[in-house]
């Protein structure tokens, strides 16, 4: 019974595939065993990473820009609070 017997194929074909490597001269050799589930998840991670990088370029702001805006907002609040008139009439 070889590696590609009916039992081996029915048992393993849904999760694993043997990658085939061609050497010079047309000889076929066995490569690594590839887990379909892992390969599919890796491909999805790579696609999502590329999509996230594109969105960061289109919509994102750098950390320095966010900190600068936060500092400007904080300064504007401080200046506004410093100019607040206290009437002494508290409700």
Taking region 67-91 and keeping only residues that are at pLDDT below 90 and either at positive phi or not in a loop (DSSP other than H, G, I, E, B) (or both), one is left with 88
The number of residues in region 55-66 that are assigned to a helix (DSSP H, G or I) and surrounded by 11 or more Cβ atoms within 10 Å (Cβ to Cβ) is 2
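The values are calculated or read from the model by the stated rules, or taken from the named source; none is laboratory data. Keep in mind the model is a prediction, meaning the values are calculated, not measured. Cβ: placed from backbone, ideal geometry, glycine included. Neighbour counts: every protein chain shown.
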